[in-house]
Amino acid sequence: MNYQSIILPHIWNLKPYSSARDEFKGKEGIFLDANENPLGSPLPVNWNRYPDPMQWDIKHELADIKHIPVEQIFIGNGSDEAIDLIMRMTCAGQENSIILCPPTYGMYEVSASINHVKIISVPLTKEYQLNVSQILSSVRADTRIIFICSPNNPTGNKINRTDIYKIIDSFQQGFVLIDEAYIDFSDEPSFIHELDKYPNVIVMQTLSKAYGLASLRLGMAFANPQIIQILNKIKPPYNISGATQALVLEALKNREFLFNSLQQINHAKNTLISKLEAMPQVVKVYPSQANFILVKLERAQELFNYLISQKVITRSRTNVALCEDSIRITVGLPEENQILIQKMQEFYS
């Protein structure tokens with residue numbers, strides 16, 4: 001694939017900033033190169049030294065977990081950093097466009113607006129699936145990215161894989177960006193294992209959901225090594241703090257947590273779905289392959305407001321197209337889910 005025709009010329013030709021830790025990668029020595037404080041930090045752990053700019057320890061751990069080469073991994077300050085960098089890598093403001101399929105994750109649109117990129121909106125079908133023919137007919141000469149979120153946020157369903165393949169095969173003038181933030185909860189395999197077959201695919205994942213590390217803000221992008229090199233070239237030099245790297249590495253070594261987390265959340269989700277479906281005021285519980293459930297209800301906005309008054313916080317989606325009269329409920333602890341049901345019953349009674 002000719003990436004040079006997709007990547008903006010000034011990005012392709014950019015000479016990256018070379019940090020002190022890029023020039024010397026050792027961990028031992030007398031460090032007089034980076035203008036750090038040699039006295040340490042006013043904390044129990046010293047954070048006075050700049051962190052690894054390429055996060056190699058985390059990448060090696062992720063490569064082992066996900067069975068892919070380290071050269072295909074980019075680490076970002078949340079997935080939002082990857083979204084922004086990929087857009088800036090390919091889109092020159094109003095000269096280029098992207099395709100979004102709402103309802104979907106709102107940061108795609110926000111990032112496009114920040115970067116002054118034209119947005120082509122092709123809504124999902126009523127079944128929350130891709131309108132493939134309309135997407136492909138909406139592609140313009142200046143289109144550089146098609147965003148696909150699967151499992152989708154806020155609907156929770158997985159996107160038909162055959163439809164995704166059709167988009168990938170047909171769209172060769174840019175990237176198909178597949179956001180797999182909730183892939184750990186899904187029965188679908190990740191697209192990261194098909195990157196060698198599809199050089200126009202970039203996959204995003206996160207440690208904020210199943211791994212329980214939302215506060216540490218670490219997201220991942222997986223792509224052809226040539227694309228990873230460009231993302232590393234345009235990211236801030238130290239985009240992941242030393243504290244985050246240390247904590248994430250420790251968390252990734254605890255493989256049992258992820259297994260137990262998925263088991264417990266999926267069990268709690270199934271129990272919650274059963275209780276919701278038993279309520280006559282629940283119009284529909286949408287299929288979910290995520291750690292949340294989209295629910296269509298009678299008097300949804302009133303219920304949402306009542307739940308807030310009872311300190312039960314859900315997410316109103318009533319003003320989102322195709323999600324009218326719906327709220328999004330994150331699966332909580334069993335006792336939290338039971339309180340939710342009780343408060344809903346109180347409201348409707």
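The values are calculated or read from the model by the stated rules, or taken from the named source; none is laboratory data. Everything numeric in this text was worked out from a predicted model, so none of it was measured. Because the Cβ atoms are built from the backbone with ideal geometry, glycine has one as well, and the counts that use them run over all protein chains shown.
A few points about this structure:
- One residue stands out among those in the range 278-317 that are charged (D, E, K, R) and assigned to a loop (DSSP other than H, G, I, E, B): the one that is nearest to residue 340 (Cα to Cα), which is 311.
- Some residue of the range 69-80 being of a type outside the set (D, E, K, R) and part of a loop (DSSP other than H, G, I, E, B): yes
- Answer residue from the range 182-204, given it is among the acidic types (Asp, Glu) and in contact with a strand residue (DSSP E or B) (Cβ under 9 Å, 6 or more places away or on another chain) and is surrounded by the fewest Cβ atoms within 10 Å (Cβ to Cβ) among those: 194
- Residue check for residue 275: part of a loop (DSSP other than H, G, I, E, B) and either crowded, with 20+ Cβ neighbours inside 10 Å or at pLDDT 95 or above (or both): no
- Neighbours by Cβ (under 8 Å, 6+ apart or cross-chain): first from the range 223-247, in contact (Cβ under 8 Å) with a residue 12 or more places away in the chain and assigned by TED's automatic domain parsing to the domain that holds residue 58; second surrounded by fewer than 19 Cβ atoms within 10 Å (Cβ to Cβ) and of a type in the set (Lys, Arg): 234/88; 242/49
- Any hit, the range 126-137, residues being within 16 Å of the chain's Cα centre (by Cα), within 21 Å of residue 317 (Cα to Cα) and either in the same structural domain as residue 285 (by TED's automatic domain parsing) or assigned to a loop (DSSP other than H, G, I, E, B) (or both): no
- The range 323-346: number of residues that are over 16 Å from residue 305 (Cα atoms) and part of a helix (DSSP H, G or I): 5
- Residue within the range 96-118 that is basic (Lys, Arg), in contact with a strand residue (DSSP E or B) (Cβ under 7 Å, 6 or more places away or on another chain) and in contact (Cβ under 8 Å) with a residue 40 or more places away in the chain present: no
- Candidate set: the range 12-39, residues that are modelled with pLDDT under 90 and not in a loop (DSSP other than H, G, I, E, B); chosen: the one nearest to residue 233 (Cα to Cα): 22
Okay, residues lined up against (1) closer than 27 Å to residue 207 by Cβ; (2) at pLDDT 95 or above:
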{"residue": "75", "(1), (2)": "yes, yes"}
{"residue": "93", "(1), (2)": "no, no"}
{"residue": "141", "(1), (2)": "no, yes"}
{"residue": "148", "(1), (2)": "yes, yes"}
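- Scanning the range 105-144 for residues that are surrounded by 18 or more Cβ atoms within 10 Å (Cβ to Cβ), under 14 Å from residue 83 (Cα atoms) and of a type in the set (Val, Ile, Thr) returns a single hit, 117.
- Residue check, residue 262 at pLDDT 95 or above, within 23 Å of the chain's Cα centre (by Cα) and not in a helix (DSSP H, G or I): no
- In the range 46-78, residue nearest to residue 223 (Cα to Cα) [restricted to those that are touching a residue at least 40 places away in the same chain (Cβ under 8 Å) and β-branched (Val, Ile, Thr)]: 73
- Members of the range 83-115 found to be of a type in the set (Gly, Ala, Ser), more than 21 Å from residue 167 (Cα to Cα) and part of a helix (DSSP H, G or I), listed by number: 93, 111, 113
- Counted residues, the range 169-196 - those being over 18 Å from residue 287 (Cα atoms), assigned to a helix (DSSP H, G or I) and β-branched (Val, Ile, Thr): 1
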